[in-house]
Amino acid sequence: MIAPGATLGMLGGGQLGRFFVLAAKEFGYRVMVLDPDPYSPAGQLADVHLCAAYEDAAALARIARECAAISTEFENIPAFVLQQLEAQVPVRPASRCVHIVQDRLREKTFLTGKGFPVAAFAPVYSPSDLTAAAAKTGFPALLKRAAFGYDGKGQVRVTEAAALASAFAELGCAPCVLEQQVDLAMELSVVLARGAHGEMASYPVTENLHRNGILHRSIAPARIDAELADRAESMTREVAQAIDYEGVLAVEFFLERDGRLLINEIAPRPHNSGHYTVDACAASQFEQQLRVMCDLPLGSTRLLTPAVMVNLLGDLWVDGEPDWEAVFATSEARLHLYGKREPRPGRKMGHYTVLGETVRAAETAARAVYGALTHTP
């Protein structure tokens, strides 16, 4: 066990890292953040902010020397960096796990190789691959960059074969995956923590609504039947077991209209759809990340009250600072702002969570708050 008072390392300084810093400080730990942004949300709160590139040799040497354990808040940290660090200090999740999910083709190949259901897909490395890929997936389909895509970025929807070449060019002719667009009934996710000894604890299945590829709203618990919830939770546990994962991960699911449950993506970190756990669960996903890092017993994932989380994007700042009166006037609402200096359209600047006696009550209140913030019905 790594006891309070130790220094923990976090690679990445975004909002997920910021929430980790807050959780760690509540438990009495110090945190060293490595992030190249001098104004990073996590770096603002950390005991030490190493403002350097993730590959910086001096910064890596210091974080390995001074930290008792290291984690990451996003999956695009170079895997070789994690591999270098884990030779000197515990790193959770391990580099081999992050390496698999950093690339959509590696991830989908891994999942299908283990028997997990995913939408039909095909690799695209050059224009000569497009015809065969289209024959495998059909249309409509999504052409996605294999690496570095997130929040709807790095992907193009295509409805016919004639549009594939221009879509591939739009994505810079980088390695891509062409993925069948499913007949979607609902998007779901499960956040799970798995310890170094294989123990696991999962949060309730969350129902997610996206807008323009960016998560807009998460509802916990999801409005689904118990059998479907059990399937999603069981599949998430099987994924964590198959990858021999240590840390917090999320599995995103597509629920098709015919009832099939498909895995969309694995996130090797706390997840946006799990933000509600800060306000509505016995132990948050960030506390779980801390517990796994320090080899502490996992915390309780018990949902204390239904909750709805709504993302706040930079679009809300187009006319200046939003009027937060609607949030503060709602007694069951909790506002979380990330300390980002520059609001931009599509950039996640914060979120709020609304608690309720029932899911319906929480959702009704959350919609009302959003309507007041955006001046829409």
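The values are calculated or read from the model by the stated rules, or taken from the named source; none is laboratory data. Note that the structure is predicted; figures quoted are calculated from it, not measured. Please note: Cβ atoms are built from the backbone with ideal geometry, for glycine as well, and neighbour counts cover all protein chains shown.
Looking across the range 75-92, the residues that are closer than 16 Å to Asp35 by Cα and out of contact with any Pro (no Cβ under 9 Å at 6 or more places or on another chain) come down to Asn76, Ile77, Pro78, Ala79, Val81, Leu85. Within the range 107-148, the set of residues being in a helix (DSSP H, G or I), in contact (Cβ under 8 Å) with a residue 40 or more places away in the chain and charged (D, E, K, R) comprises Glu107, Lys108, Lys136.
Within the bounds of the range 227-242, is there any residue that is out of contact with any Pro (no Cβ under 8 Å at 6 or more places or on another chain), surrounded by fewer than 17 Cβ atoms within 10 Å (Cβ to Cβ) and not in a helix (DSSP H, G or I)? No: the range 227-242 contains no residue that is out of contact with any Pro (no Cβ under 8 Å at 6 or more places or on another chain), surrounded by fewer than 17 Cβ atoms within 10 Å (Cβ to Cβ) and not in a helix (DSSP H, G or I).
In the set (1) in contact with a Gly (Cβ under 8 Å, 6 or more places away or on another chain); (2) closer than 19 Å to Arg194 by Cα, the condition left unmet by Glu86 is number (1).
Filtering the range 294-305 to residues that are buried (at least 20 other Cβ atoms within 10 Å of the Cβ) and closer than 16 Å to Val191 by Cβ leaves only Thr301.
How about the range 106-121: which of its residues are of a type outside the set (Phe, Trp, Tyr) and either buried (at least 16 other Cβ atoms within 10 Å of the Cβ) or closer than 24 Å to Arg157 by Cα (or both)?
Step one: list which residues in the range 106-121 are of a type outside the set (Phe, Trp, Tyr), which gives 106-109, 111-115, 117-120.
Scanning the range 106-121 gives Arg106, Glu107, Lys108, Thr109, Leu111, Thr112, Pro117, Val118, Ala119, Ala120.
I need the full set of residues from the range 269-296 which are free of Cβ contacts under 8 Å to residues at least 40 places away in the same chain and either more than 13 Å from Val248 (Cα to Cα) or touching a helix residue (DSSP H, G or I) at 6+ places or on another chain (Cβ under 7 Å) (or both), in order please. Correct list: Ala282 only. Glu160 meets each of the listed conditions (1) among the charged types (D, E, K, R); (2) touching a residue at least 24 places away in the same chain (Cβ under 8 Å); (3) out of contact with any Ser or Thr (no Cβ under 7 Å at 6 or more places or on another chain) apart from (2). Those strands (runs of 3 or more DSSP E) of the range 15-78 in which at least 3 residues are free of Cβ contacts under 8 Å to residues at least 60 places away in the same chain, considering only elements entirely within it, cover 30-34, 48-50.
Picking from Leu312, Leu355, Leu290, Leu335, which residue would you name as being outside the structural domain of Gly17 (by TED's automatic domain parsing) and surrounded by fewer than 21 Cβ atoms within 10 Å (Cβ to Cβ)? If you could, list the steps in order and put the result at the bottom.
Numbers: Leu312 fails: surrounded by fewer than 21 Cβ atoms within 10 Å (Cβ to Cβ); Leu355 fails: surrounded by fewer than 21 Cβ atoms within 10 Å (Cβ to Cβ); Leu290 fails: surrounded by fewer than 21 Cβ atoms within 10 Å (Cβ to Cβ).
It is Leu335.
Annotation: Phe80 fulfils all but one of (1) at pLDDT below 95; (2) more than 25 Å from Cys97 (Cα to Cα); (3) not hydroxyl-bearing (Ser, Thr, Tyr); the unmet one is (2).
Annotation: of all residues in the range 195-226 being β-branched (Val, Ile, Thr) and in a strand (DSSP E or B), the one that is surrounded by the fewest Cβ atoms within 10 Å (Cβ to Cβ) is Ile214. Considering the range 52-62, the residues that are in contact with a helix residue (DSSP H, G or I) (Cβ under 7 Å, 6 or more places away or on another chain) and surrounded by 17 or more Cβ atoms within 10 Å (Cβ to Cβ) include one that is nearest to Ala79 (Cα to Cα), namely Tyr54.
The one condition from (1) touching an Asp or Glu at 6+ places or on another chain (Cβ under 8 Å); (2) closer than 30 Å to Gly247 by Cβ that Thr112 does not meet is (1).
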